[in-house]
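Take a look at the structure below.
No lab work stands behind these numbers, since they all come straight from the coordinates. It should be emphasised that the depicted structure is a prediction, and the values quoted were computed from it without experimental measurement. All Cβ positions, glycine included, derive from the backbone under ideal geometry; neighbour counts span all protein chains shown.
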Amino acid sequence: MRNRRRLVPLLAVSITATLAPALVTSTATAAPSAFSPSSASPSAGKGALDRYAKQKPRWKRCEAAAPAEFRCATIKVPLDYRRPGGERIDLAISRIKATAPGKRHGVLLSNPGGPGGEGLYMPLSMAESLPASARQKYDLVGFDPRGVGRSSPVSCGLEPEEEDWLRPYKEETFDDDVAWARTFADKCEEKAGDVLPHLTTRNTARDMDLLRAVLGEKKISYVGYSYGTYLGAVYTQLFPRRADRFVLDSAVDPERAWRGMIQWWAQGAEPAFDRWTGWAAERSERYGLGDTPKKVEGAFWDLVARAGEEPIDLDGQLVTGDDIRSGMRAAVFSPHSATEAFVELKKAADGKPAATEKLKAFTGSEERETAGAAVETPADNVSASFWAVVCGDNSAAWSRDPESYRRDAIADRGRYPLFGDFASHIKPCAFWDRSEERATEVNNKVTSLVVQNEWDSQTPLPSGQALHRQLKGSKMVAVLGGEGHGVYPSGNACTDGAVNRYLLTGRLPAKDVTCKATAESNAKARQNQQEDVIPGSPLPDRAPDRF
């Protein structure tokens with residue numbers, strides 16, 4: 001068992017080395033791999049991967065309390081795909097078979113987000129989400145990505161306080177923050193330096209294709225949320241002929257993986273903040289924050305300043321002005337929730353009783369345990385695997401000069417006052433080893449469906465639009481007025497219908513679709529969020545104690 005700490009949300013010429021059952025096909029028809037000719041030879045890679053692809057998973061019941069049809073297994077994958085004959089690591093996989101074998105179309109893989117999100121229990125979530133007709137057609141397949149959960153989990157040996165990475169820029173703490181980032185990276189290198197360079201999205205996509213081969217499938221279908229959209233996009237880039245029906249929900253912009261995506265949180269929050277001030281001003285008689293957006297904005301910054309001088313006591317937890325800025329970043333994407341939370345916070349600041357259940361944006365999530373039956377997952381596994389991907393996917397995006405982070409944080413505090421300095425301040429990636437692989441450029445014509453809420457705090461609408469442009473074979477379902485991170489399923493007939501039709505028929509809409517959010521769909525999308533648990537994951541965890 002382990003505790004998961006609160007994390008505030010949340011990726012040359014190639015040669016052919018394909019996996020079974022495509023191993024018997026010619027290189028002319030096989031899917032291109034991501035191997036570089038300078039690091040592997042076609043014959044060596046193919047032969048070694050052939051042995052991996054011939055594995056026979058030993059399926060067994062995942063947990064005693066789990067449904068009997070939910071089965072788990074462990075397979076081996078290469079730590080380094082350039083040297084597939086070298087060290088191997090575990091990949092924990094799961095499956096719920098299609099309910100009507102005669103109507104079976106194939107396998108549907110899924111990923112809940114992250115990086116660092118455990119996907120082993122995703123088939124249970126998908127079984128609840130999909131219509132019965134889709135359950136007849138697909139084996140639902142889940143997996144913990146490499147380095148995560150039960151898949152050879154990585155650890156940096158971090159203490160809980162060292163995992164606290166959302167730090168506002170302050171002149172007086174800058175040197176301490178630089179020292180923290182350096183120590184974080186040094187501890188990761190010391191404890192897991194031989195593994196971290198291989199915990200990349202590209203390698204996870206390769207694992208997915210090896211899993212496809214082990215399962216004996218020519219293609220895979222896929223539903224990915226948040227970070228899972230980037231993973232899905234990278235898979236389509238590396239293995240375009242293996243991708244069948246891909247649903248990418250709440251999308252990451254590949255060109256901004258990953259420093260730019262964290263900065264998106266600051267940029268995307270500003271229009272949401274303006275929307276919130278207008279919403280609250282229109283309801284000034286009820287909430288008393290001011291009858292114009294400017295007055296509501298003034299009330300917000302006045303409280304930030306007050307809490308900066310004297311933190312607000314919420315049942316023993318002190319909330320500073322910086323805590324208010326950080327908490328409101330995500331909260332303002334739902335104006336009703338943000339307004340009610342802010343009103344209660346003002347009450348607490350004035351020494352009045354406050355409804356604490358409305359203040360989750362500022363108090364965070366309680367620590368909780370999740371199960372780890374086969375593998376004792378390190379307490380810092382989410383943080384370690386998160387930063388391995390965020391720093392390693394595109395190391396060139398991270399400056400090695402600490403002073404550049406100071407300049408960026410100061411500038412972005414001016415541009416995006418709510419969260420700009422949090423997003424642009426120094427991170428452990430400044431001292432991370434350079435990646436052994438180049439960043440993935442996503443630019444293909446693979447068919448896919450991009451699904452996106454207009455008001456998404458983790459992957460703002462422009463991020464989803466960017467992925468749609470880069471996936472030239474995609475269509476987009478945009479939810480006008482949609483709130484929350486994670487769209488499908490939401491109970492909205494327009495969005496759910498578009499996704500279900502695609503999964504059932506493989507046919508994309510003739511053109512991009514704009515749906516209108518409903519009160520019910522927004523409420524459900526917000527309910528599905530667990531932003532304070534896994535960075536960027538829109539879905540709740542499914543642990544065995546929830547059966």
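Ordering ILE96, ILE75, VAL148 by Cα displacement along the dipole of region 73-227 toward the positive end leaves ILE96 in first place; charges were set at the Cβ atoms of Lys, Arg (+1) and Asp, Glu (-1).
Could you work out the relative contact order of region 261-358? I mean the mean sequence separation of Cα pairs under 8 Å and 6+ apart, divided by the number of residues, in percent.
On the way: 106 pairs, mean separation 25.2, N = 98.
With pairs under 8 Å counted, the relative contact order is 26 percent.
Our coupling estimate for region 389-401, obtained by passing each phi through the Karplus curve with A = 6.51, B = -1.76, C = 1.60 and θ = phi - 60°, is 6, 4, 7, x, 5, 8, 5, 5, 6, 9, 5, 9, 9 Hz, Gly and Pro reported as x.
Projecting the Cα atoms of MET261, ALA281, SER337 onto the charge dipole of region 261-358, computed from C-beta unit charges around the Cα centre, puts ALA281 farthest toward the positive end.
At 10 °C and a viscosity of 1.306 mPa s, what translational diffusion coefficient does Stokes-Einstein give for region 170-219, taking Rh as the Kirkwood radius over Cα pairs? Give it in µm²/s as a whole number.
On the way: Rh = 13.9 Å.
My calculation gives 114 µm²/s for D.
Over region 314-463, what relative contact order in percent results from Cα pairs under 8 Å that are six or more residues apart?
Details: 114 pairs, mean separation 35.1, N = 150.
Relative contact order comes out at 23 percent.
Charge dipole of region 261-358 (Cα centre as origin; +1 on each Lys and Arg Cβ, -1 on each Asp and Glu Cβ, all else neutral): 240 debye, rounded to the nearest 20. Restricted to Cα atoms, region 401-466 shows a radius of gyration and a Dmax of 16.2, 43 angstrom. With neighbours defined as other Cβ atoms within 10 Å of a residue's Cβ, the residues LEU471, LEU289 order from fewest to most as LEU289, LEU471. Pairs exceeding a 29 Å alpha-carbon distance, out of LYS218/LYS472; LYS60/LYS103; LYS76/LYS187; LYS294/LYS524; LYS427/LYS472; LYS191/LYS360: LYS294/LYS524; LYS427/LYS472; LYS191/LYS360.
Modelled spin-label separation between GLU376 and THR505, with each label point placed 7 Å from Cα along the Cα-to-Cβ direction: 5.4 nm.
Measuring nothing but how far apart in sequence close Cα pairs (under 8 Å, 6+ apart) lie, relative to its length, region 416-513 scores a relative contact order of 26 percent.
With the convex hull built on the Cα atoms of region 261-358, state its orientation-averaged projected area in nm².
The Cα convex hull of region 261-358, projected and averaged over all directions, gives 6.1 nm².
Between GLU282 and GLU310, what is 0.36 nm times their sequence separation minus the Cα-Cα distance? Round to one decimal in nm. Please report the intermediate quantities before stating the final value.
Numbers: separation 28, 0.36 × 28 = 10.08 nm, distance 3.00 nm.
Here the answer is 7.1 nm.
Between ASP350 and ARG88, the simple label model (points 7 Å from Cα in the Cβ direction) yields a spacing of 6.7 nm.
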